[in-house]
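Some notes on the structure that comes next.
The values are calculated or read from the model by the stated rules, or taken from the named source; none is laboratory data. Model, not experiment: these values are computed from the prediction. All Cβ positions, even for glycine, are placed from backbone atoms using ideal geometry, and neighbour counts span all protein chains on display. Note: areas computed on protein heavy atoms with side chains; ligands, DNA, RNA excluded. Shrake-Rupley method; radii C 1.70, N 1.55, O 1.52, S 1.80 Å.
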Amino acid sequence: MLKYTEDHEWLKQDGDEIIVGITAYATEQLGDVVFIELPEVGREVEAGEEIVVIESVKAASDIVAPVAGTITAVNEALPDTPGAVNEDALGTWFFRIKPASVELDGFMDEAAYNEMIG
């Protein structure tokens, strides 16, 4: 089951890691994504820290770490095919993070996220 952040990220728990991507709403707001810079595997991050740079034809944006933890993997195909996120936002992940605490209860479910974006 996916959880969502106010920053338009989706989170999926996978064992002791969290897989992170951005929502379809976020890709609609960005337009065609043309550049993605991912964090380094092994990087320790704090919740709210900007760790991914996304550039589109409309704007530049950042993805922030939803939780504190360590980056365990990145989607290495994304920098070469940034448009994949426009084609399948919920099927395209950016990074995996092993959080200090694997508790996703504080994040929104799909209904709450849909209510937030109207």
Which of the numbered conditions does Met116 fail, given that it passes all the others? Conditions: (1) of a type outside the set (D, E, K, R); (2) assigned to a strand (DSSP E or B); (3) open to solvent by 30 Å² or more (accessible area, probe 1.4 Å). (2)
Taking the conditions exactly as written (small (Gly, Ala, Ser) and more than 12 Å from Ile19 (Cα to Cα)), does Gly91 satisfy them or not? no
So, of the residues in segment 39-72 that are open to solvent by 20 Å² or more (accessible area, probe 1.4 Å) and of a type in the set (Ser, Thr, Tyr), which turns out to be modelled with the lowest pLDDT? Ser61
Test Thr70 against the stated conditions and say whether it is under 16 Å from Asp109 (Cα atoms) and hydroxyl-bearing (Ser, Thr, Tyr). no
By residue number, the members of segment 78-111 that are over 14 Å from the mean Cα position of the chain (by Cα), exposed (fewer than 13 other Cβ atoms within 10 Å of the Cβ) and assigned to a helix (DSSP H, G or I) are Glu87, Ala111
Filtering segment 9-29 down to residues that are free of Cβ contacts under 8 Å to residues at least 40 places away in the same chain and over 16 Å from Leu104 (Cβ atoms), which residue is least open to solvent (accessible area, probe 1.4 Å)? Gln29
Assess whether Ile36 counts as being over 18 Å from Ala100 (Cα atoms) and part of a strand (DSSP E or B). yes
Could you give me the residue pairs with C-beta distances under 9 Å whose first residue belongs to segment 78-92 and is farther than 13 Å from Ser56 by Cα, whose second residue is outside any loop (DSSP other than H, G, I, E, B) and open to solvent by 60 Å² or more (accessible area, probe 1.4 Å) wherever it lies, and which are 6+ apart or on separate chains? Leu78/Trp93; Ala89/Tyr25; Ala89/Glu28
